[in-house]
Amino acid sequence: MHDAGMPALTPPRLIALTVACMLFMEQLDGTILSTALPAIAKSLDITPVTASVALTSYILGLAIVIPASGAISDHLGSRRTLFLAISIFIVFSFTCGVSSNLPMLAASRTFQGMGGALMVPVGRLVLLQNVQKSELLKTMTWMMLPATLGPLLGPVLGGVITTSFSWRWNFYINIPFGLLGLLMTWRFIPEIRENRQHRFDGKGMLLAGAALALISGGGEMISHAFKPLWLALLPIVTGIFLMTGYFRHMQRVEWPVLDFRLMRIATFRISVLAGAATRIAIGALPFLLPSLLQVGFGLTAAHSGFITFAGAIGAVSVRAIVPYMFRTFGFRNIMLITCTTGTLAILAMSVIQPGWPLWPMALLLGISGFIQATQFSAYNTIAYADIPQEKMSAATAFYTTFQQIMLSTGISVAAMSVTLSRIARGENIAGAFDFDVGLIVSGIAALMAIPFIMQLRKDAGSDISGHIP
């Protein structure tokens, strides 16, 4: 329901623009540090691979809070929840900027991620509740443009800021953006609160949040060859134990904080599982490419950022034709084509060696950006094609949780691949070859999406795309 003090009929495009700005801010912050990792490592006296904790700790904060985002929004209201989220994001952006060591930076990034955790699913939920299904693909495509540009512009902006000023300004820049977000939220976001008489699943929140945090943290420790190994495995085993307890708890709760029963819906399940494989690969790129270009190719942070900007150009170029592509070929065919070509693009990047011209890398990044934008339009739309309206809040919380977990997993998998390759070569510092190994592993992970996409009906999402098989 809507509060009387806010118009309930805010035009969907204004809502989409406001949500897009929040997604842009959150996604930008998730990747703006990628080109700054070598500078952070030098400033804090650590290695660039260890500095990737600054990326994964942010996603860890997302994973802890996202499961409860739908329930929090239901009880507090969408506008109040977004106000709280943006405020947390601003405060801990400042503490990140003044961090003097890695533990302080990682802790601040975790809390910053908690603020981001409420922005993404709640903003998406507001949009889904205000847009008709026939307009969903067009509106979602339009809204996802800034969200797609965020990760692609992050390395460019981060490189310029790091080279011209300091890596700390990558955090300070969030403050004016956050204040603008507060203003737009107050002006355009309706206060939506679900009128349900059910208790908040506090126990489920603790079990699921702790489990996801422990599993993610243990995976991060293993990716850096943490010794002793048993100490890195301990949080993973504990997390699995807690998640098992959560599954048992979920069976007894009508409105669990993470409702795995939604996986019975075929389009939702396929989007989650196929998207997981794709996001492992995509999540690795913001870590691998800037490190490869700077450590392996010897470029400056700004130079490497401008090379990766080609991905943003590719993402922008596809947006106008996305609805036409899905109307002509359908979700299933487009998802199969982009999965295959996306994998080939990632594998081709690993072939380029130091001393070669950089235009082939820029070309591949442009193609990859084109493909990523199309893939995420597909995943983020087909996931909600068959979700009942009363389950939309639970679906956005569930989907966004695993979306962020897979992005974090991608960074961990890439870091582990680089570390194992370095150890196998007997080197103390990772080189271009090691980052190429990470790209190959990421490309192979992306192929895991194909078996799931093949299960999608040929007419899946046709009421959204307008495709006639």
**Request:** Please name all residue pairs, on different chains or six or more residues apart, with Cβ atoms under 7 Å, provided the first residue is in region 211-225 and is farther than 13 Å from Tyr58 by Cα and the second residue is of a type in the set (Val, Ile, Thr) and modelled with pLDDT under 70.
**Result:** His224/Val49
**Request:** Please find, among Ser350, Ser368, the residue that is small (Gly, Ala, Ser) and within 25 Å of Ala41 (Cβ to Cβ).
**Result:** Ser350
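Conditions (1) in contact with a Cys (Cβ under 9 Å, 6 or more places away or on another chain); (2) aromatic (Phe, Trp, Tyr); (3) within 19 Å of Ile215 (Cβ to Cβ); (4) surrounded by 24 or more Cβ atoms within 10 Å (Cβ to Cβ), marked per residue:
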site: Thr396; (1), (2), (3), (4): no, no, no, yes
site: Gly410; (1), (2), (3), (4): no, no, yes, yes
site: Arg425; (1), (2), (3), (4): no, no, no, no
site: Ala449; (1), (2), (3), (4): yes, no, no, yes
site: Gln455; (1), (2), (3), (4): no, no, no, no
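Per-residue answers, yes or no, for (1) closer than 30 Å to Val437 by Cβ; (2) modelled with pLDDT under 85:
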{"position": "Thr328", "(1), (2)": "no, no"}
{"position": "Thr338", "(1), (2)": "yes, no"}
{"position": "Thr343", "(1), (2)": "yes, no"}
{"position": "Gly355", "(1), (2)": "yes, yes"}
{"position": "Pro360", "(1), (2)": "yes, no"}
{"position": "Met392", "(1), (2)": "no, yes"}
**Item:** From Arg279, Arg261, Arg248, residue being without any contact (Cβ under 8 Å) to a residue 24 or more places away in the chain and either in contact with a helix residue (DSSP H, G or I) (Cβ under 9 Å, 6 or more places away or on another chain) or closer than 19 Å to Leu447 by Cβ (or both)
**Value:** Arg261
**Asked** Looking at Ala284, Ala320, which is the one that is surrounded by 16 or more Cβ atoms within 10 Å (Cβ to Cβ) and on the phi < 0 side of the Ramachandran plot?
**Response** Ala284
**Request:** Check region 396-413 and report whether any residue there is of a type outside the set (Ser, Thr, Tyr), in the same structural domain as Val65 (by TED's automatic domain parsing) and free of Cβ contacts under 8 Å to residues at least 60 places away in the same chain.
**Result:** no
**Message:** Can you tell me which residue is farthest from Leu273 (Cα to Cα) among those in region 431-451 that are hydrophobic (A, V, I, L, M, F, W, C) and within 20 Å of the chain's Cα centre (by Cα)?
**Reply:** Leu439
**Request:** Take region 28-38 and flag every residue that is buried (at least 24 other Cβ atoms within 10 Å of the Cβ) and either touching a strand residue (DSSP E or B) at 6+ places or on another chain (Cβ under 6 Å) or at pLDDT 70 or above (or both).
**Result:** Asp29, Ile32, Leu33, Ala36, Leu37
**Item:** Within region 420-469, helices (runs of 4 or more DSSP H) holding 2 or more residues that are assigned by TED's automatic domain parsing to the domain that holds Phe326 and among the β-branched types (Val, Ile, Thr)
**Value:** 432-447, 450-453
**Message:** If a residue must be in contact (Cβ under 8 Å) with a residue 12 or more places away in the chain, under 17 Å from Thr338 (Cβ atoms) and not β-branched (Val, Ile, Thr), how many such residues does region 438-463 contain?
**Reply:** 14
**Request:** Working carefully through the options Gly218, Gly178, Gly158, Gly150, find the one that is within 20 Å of Thr18 (Cβ to Cβ), of a type in the set (Gly, Ala, Ser), at pLDDT 75 or above and surrounded by 20 or more Cβ atoms within 10 Å (Cβ to Cβ).
**Result:** Gly178
**Item:** Those residues of region 368-394 which are of a type in the set (Val, Ile, Thr) and buried (at least 24 other Cβ atoms within 10 Å of the Cβ), in sequence order
**Value:** Ile371, Thr374, Thr381, Ile382
**Asked** In region 264-281, which residues are out of contact with any Leu (no Cβ under 7 Å at 6 or more places or on another chain) and under 20 Å from Leu407 (Cα atoms)?
**Response** Arg269, Ser271, Val272, Leu273, Ala274, Gly275, Ala276, Ala277, Thr278, Ile280, Ala281
**Message:** Within region 412-423, take every residue that is surrounded by fewer than 24 Cβ atoms within 10 Å (Cβ to Cβ) and among the aliphatic types (A, V, I, L, M) and give me the one that is nearest to Arg264 (Cα to Cα).
**Reply:** Val413
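Among the candidates Arg248, Arg269, Arg252, Arg279, which residue alone is outside any helix (DSSP H, G or I) and closer than 25 Å to Met205 by Cα?
So the residue among Arg248, Arg269, Arg252, Arg279 that is outside any helix (DSSP H, G or I) and closer than 25 Å to Met205 by Cα is Arg252.
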**Checklist (1) over 19 Å from Gly342 (Cα atoms); (2) in contact (Cβ under 8 Å) with a residue 24 or more places away in the chain applied to Pro388, failing item** = (2)
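Would you confirm, using the coordinates I've provided, whether Gly239 is in a helix (DSSP H, G or I), at pLDDT 85 or above and not assigned by TED's automatic domain parsing to the domain that holds Ile88?
So Gly239 fits the description; yes.
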**Item:** Lone unmet requirement of (1) of a type in the set (Phe, Trp, Tyr); (2) surrounded by 24 or more Cβ atoms within 10 Å (Cβ to Cβ); (3) more than 27 Å from Leu28 (Cα to Cα) for Trp255
**Value:** (2)
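The values are calculated or read from the model by the stated rules, or taken from the named source; none is laboratory data. Please read all numbers here as calculations on a predicted model, not as lab measurements. As a convention, Cβ positions derive from the backbone with ideal geometry for all residues, glycine included, and neighbour counts pool all protein chains shown.
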